[in-house]
Number of protein chains: 2
Amino acid sequence: MTFTKATEFDATQQEIARLAKVLSHPARVAILQHLAKTQSCISGDIAQELPLSRTTVSQHLQELKAAGLIKGEIDGLTVCYCIDTEQFGKAKALLETFFSGISFACNCDC
Amino acid sequence: MTFTKATEFDATQQEIARLAKVLSHPARVAILQHLAKTQSCISGDIAQELPLSRTTVSQHLQELKAAGLIKGEIDGLTVCYCIDTEQFGKAKALLETFFSGISFACNCDC
DNA sequence: AAACTATGACGTATGTTTACGACATACTTT
DNA sequence: AAAGTATGTCGTAAACATACGTCATAGTTT
């Protein structure tokens, strides 16, 4: 990170950007929706639901995990992934605060 | 776009990802907050508020504009940027729907 | 123990984003 | 008209993201 200037912004802005980045690929959005839909942990057959190879799906899962949005516990041969409800709630609150802070009536003519 | 598979996901997932991508850099988050704070159109002195060159800020402004979140009208020598309240409202609603659809109580032990 | 299965880690090719200097454009002022 | 000012566009280098095949690991089954 010697080139990017992303770290020179304030903590909240960086946190919002970090969260948004996780959601910035449809595969990760799809994975979250799939985990929510199945209402339970699910092992790597997620790949079969998506137009991606198992390897690529695994990579996206790692990113979601690194961001804290999902948890993954080893359960014998399979791994049990599910949404981290607490962290997800925090993410939701963060974005809600951001959007609420932005909404306003522009007083110009454009 | 011959390499990415992003287009193979459903429209809503792509739309969420597209919106998230716009917010995935702290500079763009900061620009939106700055525009909201000043409660009016503002010309390119935004660059002086950020740790970035004028050129780079201009580039971020173009991305926000391309995404429809802000509008920019030429007003003589300066350009008047402001948040597109209607589009911004739609973006907010889209994310709210997504987050509401995800929140659930995981029934496993992880 | 040997074969099988599910998964993550590694390597790598290609595409995209970020950042900025230099140049172009267009309006304003003198 | 010439100089000045505010912006956008272009070119480009470095960093990062995406996608997937192959290999390594670790538990299961026979």
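Bear in mind that the values in this text are calculations on the coordinates, not laboratory data. Owing to the predicted nature of the structure, the values given are computational and were not obtained by experimental measurement. FYI the Cβ positions are ideal-geometry reconstructions off the backbone, even for glycines, and counts take in every protein chain you see.
With label points defined 7 Å past Cα in the direction of Cβ, position A:Thr38 shows copy-to-copy spacings of 4.9 nm, given to one decimal and shortest first. For A:Lys71, the aspartates and glutamates whose Cα falls under 18 Å of its own Cα, not counting residues fewer than eight places away in the same chain, are A:Asp45, A:Glu63, A:Asp84, A:Glu86, B:Asp109.
Does anyone have the angle between helix B:26-38 and the longest principal axis of chain B? Alpha-carbon axes, 0 to 90°, nearest 10? Between the helix axis and the principal axis of chain B, the angle is about 60 degrees. Just to confirm my numbers, what's the Cα centroid distance between the stretch B:6-35 and the stretch A:4-82 in Å? Taking the Cα centre of each part, the stretch B:6-35 and the stretch A:4-82 sit 16 Å apart. The label point for A:Gln59 and the one for A:Thr38, both projected 7 Å from the Cα toward the Cβ, are 2.1 nm apart.
Residue by residue, the stretch A:54-60 carries 3J(HN,Hα) couplings of 4, 4, 5, 4, 4, 5, 5 Hz when phi is fed to the Karplus relation 6.51 cos²θ - 1.76 cosθ + 1.60 (θ = phi - 60°); x denotes Gly or Pro. Within straight-line reach of A:Lys65, meaning a Cα separation under 28 Å, sit the following lysines at least 8 residues removed in sequence or on another chain: A:Lys5, A:Lys21, A:Lys37, A:Lys90, A:Lys92, B:Lys5, B:Lys21, B:Lys92.
Normalised by 2.2 N^0.38 Å, where N is the number of residues, the alpha-carbon radius of gyration of the stretch B:12-97 equals 1.08.
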